[in-house]
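For reference, the structure is listed below as structure tokens.
The values are calculated or read from the model by the stated rules, or taken from the named source; none is laboratory data. Because the structure is predicted, anything quoted here is derived from the model rather than measured. As a convention, Cβ positions derive from the backbone with ideal geometry for all residues, glycine included, and neighbour counts pool all protein chains shown.
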Amino acid sequence: MIVDVHTHMVTEDYLNLLRRDGGPKYTFRTLPAGGEVIDKDGVPFFTLLPAMWDFDQRIRDMDAAGVDVAVISLTSPNAIFADGDLSRTAARLMNDAFAEARTAHPDRLRWFASLPWTDPSGAVEELSRAVSLGASGVFAVATVDGRPLTDPAYAPIWEAIDTAGLPVFLHPSVPPGEQELGLGDHNLSPPVGFVFDTTLAISRMLYDGFFERYRQLSMILAHGGGTLPFLIGRLDVCHDRIPACAAGTAQPPSAFLDRLYLDSVVYSKGALDLCIETVGADRILFGSDYPHNIGDMAGRRALLEASGAPHRKTAAALFGL
């Protein structure tokens, strides 16, 4: 079967929560051509499209593209807000909605749990609840309200995920410093800021000893791993020659590549070839980024199928399908 591991949904209840309580960081704006976009601190990053909350439309589009199963997730900002109550409410709201969607479409949908990372104890409780509801994995935004995922405050969450044996989907958001980086210009966050956010997060983990602390944990990296495939050699050289890069672990970053999966949300054969060369064909998973405006089930599937990567077998083993 063909399993789409990078595909998003929201609900109207979640959007209403974000409209009401997400400001001033997150605001909604009407586009000149109609429709809405969500901004983070004035930087646009999330264009709202009707298919994002229409599960019946999703199933029709999956049928048209020949996709059997979608592992759906809530994209950023997910359930990460400075207010702990809002974070917990958002996580429960979406996990309940995704569990309900899977019940309605048991052969077609699986889901990644959202957690209130800004409340570590609450996140551990919600993880347990999500597992009981049937979650197939955990969604992690690359930075938690500006703090790295390797912050010791999040250790209890990672320990619980590691114990649960669930795969983690690492997904970016608008990276910290978006104003200083000028990411509002030309709407640079989707094409550049997102992949930078993922790259910084996974590079920090590889240098930090993260994968030695959490030995059961496997991680799926969005958008082909950001720029990790291009930079892995440089990360290794710096680990060898710069003491600070080796302070967290004696192992070079490439020693942990067998803990990573890369999705196929890349847009050229050369990029996909580099992903395969970096982690191996059996660590590549199909992803579409549907239903975002640059999402493309049929196109991403065609590119991946042409590579010969055994993504069906890989996804079936990872998600127990």
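Worth a mention:
- Annotation: of all residues in the range 50-72 being surrounded by fewer than 16 Cβ atoms within 10 Å (Cβ to Cβ) and farther than 13 Å from M297 by Cβ, the one that is farthest from the chain's Cα centre (by Cα) is D56.
- Odd one out for I294 among (1) within 17 Å of the chain's Cα centre (by Cα); (2) crowded, with 18+ Cβ neighbours inside 10 Å; (3) part of a loop (DSSP other than H, G, I, E, B); (4) not hydroxyl-bearing (S, T, Y): (2)
- Checklist (1) assigned to a helix (DSSP H, G or I); (2) in contact (Cβ under 8 Å) with a residue 60 or more places away in the chain; (3) not small (G, A, S) applied to F45, failing item: (1)
- Taking the listed residues E100, E125, the one that is within 17 Å of Y154 (Cβ to Cβ) and of a type outside the set (G, A, S) is E125, with no other qualifying.
- For the range 156-174, the set of residues classified as touching a Phe, Trp or Tyr at 6+ places or on another chain (Cβ under 9 Å) and either loosely packed, with under 15 Cβ neighbours inside 10 Å or part of a strand (DSSP E or B) (or both) consists of E159, V168, F169, L170, H171, listed by residue number.
- The one condition in (1) more than 15 Å from the chain's Cα centre (by Cα); (2) among the polar types (S, T, N, Q); (3) part of a helix (DSSP H, G or I); (4) closer than 20 Å to G225 by Cβ that Q179 fails to fulfil: (4)
- Scan of the range 25-40 for residues that are modelled with pLDDT under 90 and either on the phi > 0 side of the Ramachandran plot or over 24 Å from the mean Cα position of the chain (by Cα) (or both), ordered by number: L31, P32, A33, G34, G35
- Total residues in the range 41-71, condition in contact with a strand residue (DSSP E or B) (Cβ under 6 Å, 6 or more places away or on another chain), modelled with pLDDT under 95 and not hydroxyl-bearing (S, T, Y): 3
- Search result, residues across the range 50-104 that are polar (S, T, N, Q) and in a loop (DSSP other than H, G, I, E, B): T75, S76, N78
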